[in-house]
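Everything below concerns the one structure shown next.
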Amino acid sequence: MSCLTNLVAFETSSETISVAVARAEQIVSREIAEAGQLSGELALPTMHALLAEAGLSLAELDVVVFGQGPGSFTGVRVACGITQGLAYGLGKRVIALPTPLALAEAAKRDGAEHILVATDARMGEIYLAAYVQDSTQPTGFAELVPPCLLKPEEFEQLIIPQLPAKHLASRWVGIGSAFAVPTLTDAITASRIISIVVSGVPAFPLAAELVCVARRLLNRVGDAVTIRPHDAAPLYVRNKVALTIEERRLIARAKAESAVEAKAHSTSPPLAGFAS
């Protein structure tokens, strides 16, 4: 596959849901703020509107991309469910990307090289990841700290030791919803060891940025970067014992609706050798 593959991407891990469709070099996207529990109901109609804008049919899509979190527990499950339903119904493959990569891509586009992603995980905690631009890596980033959950006051104790010494003197750019909440990030931005400047770009992850990362992966790695629908899974860094009845209903509905729509609109057979 080339980087010009037709893609659809879903990012529903935050209050703002995002959908993007890419056709050749064109990317069209839409964000819906404060979507909350409506992410499952809004994602598919948004996708259809974007497909029409891009002049694509469902059957012409090659890969389904989704942000796998961490983030809203229900949100990442909805994105995963929609992705699985579409990919099964269309006989297509999947690219699952950690949500912080979308924010890292946005910061990179704004000129950042050393990037600290921090999003609000509620309950006084944050989801955090650290990246540095690295053109030798398939994603375009070296992951210095994988996505994790911590209290801000634990930053210097738990995160600083994971950063290679050669990067400590660099100018770090902070991006993500947590940086809009001073009580969450005062301990981070006041670090005595590294210098952090908060980015002015949007604090929520965008599906269009996931498309950019997915295209880079496809261009550099090829089809090997894709997975089968049943291997798609959310990225959790906080355990939750059980889904509520309403959460199970939303996720099941999103998955079923996307599968039904995919089958209704698909006119192409599954990929050769694709096991569903």
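The values are calculated or read from the model by the stated rules, or taken from the named source; none is laboratory data. All values derive from a computational prediction rather than experimental measurement. Here the Cβ positions follow ideal geometry from the backbone for every residue, glycine too, while neighbour counts run over all protein chains shown. In case anyone asks, the SASA skips ligands and DNA or RNA and just uses the protein heavy atoms, side chains included. Shrake-Rupley method; radii C 1.70, N 1.55, O 1.52, S 1.80 Å.
Of all residue pairs spaced 6 or more apart or on separate chains, those with beta-carbon atoms under 6 Å, a first member in segment 222-236 that is closer than 11 Å to Lys92 by Cβ and a second member that is open to solvent by 40 Å² or more (accessible area, probe 1.4 Å) are Thr226/Arg93; Pro229/Tyr88. Screening segment 67-159 for helices (runs of 4 or more DSSP H) wholly inside it with 2 or more residues that are crowded, with 22+ Cβ neighbours inside 10 Å and at pLDDT 95 or above returns the ranges 73-90, 100-109.
When restricted to residues that are small (Gly, Ala, Ser) and over 14 Å from Ala112 (Cβ atoms), segment 177-202 contains 6.
Filtered by the rule that a residue be hydrophobic (A, V, I, L, M, F, W, C), under 22 Å from Met123 (Cβ atoms) and open to solvent by less than 10 Å² (accessible area, probe 1.4 Å), segment 160-183 gives Ile175, Ala178. For segment 192-213, the set of residues classified as of a type outside the set (A, V, I, L, M) and either in contact with a helix residue (DSSP H, G or I) (Cβ under 6 Å, 6 or more places away or on another chain) or buried (at least 19 other Cβ atoms within 10 Å of the Cβ) (or both) consists of Ser199, Phe204, Pro205, Glu209, Cys212, listed by residue number.
Between Arg220, Arg238, Arg216, Arg248, the distinction of being basic (Lys, Arg) and modelled with pLDDT under 70 belongs to Arg248 only. Residues in segment 166-175 that are in a helix (DSSP H, G or I) and touching a strand residue (DSSP E or B) at 6+ places or on another chain (Cβ under 8 Å): His167 only. Within segment 9-29, can one find any residue that is at negative phi, assigned to a strand (DSSP E or B), surrounded by fewer than 24 Cβ atoms within 10 Å (Cβ to Cβ) and touching a residue at least 60 places away in the same chain (Cβ under 8 Å)? Yes: segment 9-29 contains one or more residues that are at negative phi, assigned to a strand (DSSP E or B), surrounded by fewer than 24 Cβ atoms within 10 Å (Cβ to Cβ) and touching a residue at least 60 places away in the same chain (Cβ under 8 Å). With respect to the conditions (1) open to solvent by less than 10 Å² (accessible area, probe 1.4 Å); (2) without any contact (Cβ under 8 Å) to a residue 24 or more places away in the chain, Glu34 falls short on a single one, namely (1). Pairs are defined by a Cβ separation below 6 Å, a sequence spacing of at least 6 or placement on different chains, a first member in segment 176-203 that is assigned to a strand (DSSP E or B), and a second member that is open to solvent by 20 Å² or more (accessible area, probe 1.4 Å); the pairs so defined are Ser195/Arg171; Ile196/Thr189; Val198/Phe179. Scanning segment 39-51 for any residue that is assigned to a loop (DSSP other than H, G, I, E, B) and open to solvent by less than 60 Å² (accessible area, probe 1.4 Å) turns up nothing.
Condition test on Thr5, is it open to solvent by less than 30 Å² (accessible area, probe 1.4 Å), in a loop (DSSP other than H, G, I, E, B) and over 28 Å from Cys148 (Cβ atoms)? It is true that Thr5 is open to solvent by less than 30 Å² (accessible area, probe 1.4 Å), in a loop (DSSP other than H, G, I, E, B) and over 28 Å from Cys148 (Cβ atoms).
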